[in-house]
1. Take LYS63 and tell me if it is surrounded by 10 or more Cβ atoms within 10 Å (Cβ to Cβ), in a helix (DSSP H, G or I), of a type outside the set (S, T, N, Q) and at pLDDT below 95.
2. Quick check on the stretch 12-27. Is at least one of its residues loosely packed, with under 10 Cβ neighbours inside 10 Å and polar (S, T, N, Q)?
3. Identify the single condition in (1) surrounded by 10 or more Cβ atoms within 10 Å (Cβ to Cβ); (2) in a loop (DSSP other than H, G, I, E, B) that LYS54 does not satisfy, given that it satisfies every other one.
4. When you look at ASP7, is it exposed (fewer than 10 other Cβ atoms within 10 Å of the Cβ) and either free of Cβ contacts under 8 Å to residues at least 40 places away in the same chain or in a helix (DSSP H, G or I) (or both), yes or no?
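The values are calculated or read from the model by the stated rules, or taken from the named source; none is laboratory data. These numbers come from a predicted model, not from an experiment. Backbone-built Cβ (ideal geometry, glycine too); neighbour counts: all protein chains shown.
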Amino acid sequence: MADFDLDRFERLVGDLIYRAERLQEENASLRASQEHLVAERADLIEKTELARSKVEAMVARLKSMEEQL
């Protein structure tokens, strides 16, 4: 029968607890980064749509001016 090494088992459990805590911290950090990136993406999409709208308005004005000539 194999000897049960309680000290080794405690170290392994401690290591698993440590790793689980680090993974929880990393997960929280990644979630925060994801939220930031999603918000940044939404802001960039809004700015892109605004720019597109302005360019379309300028093109329409130029076409109108061209037709008047």
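1. Taking the combined requirement at face value, the residue satisfies it.
2. no
3. (2)
4. Numbers: exposed (fewer than 10 other Cβ atoms within 10 Å of the Cβ): yes; either free of Cβ contacts under 8 Å to residues at least 40 places away in the same chain or in a helix (DSSP H, G or I) (or both): yes.
So ASP7 passes the test.
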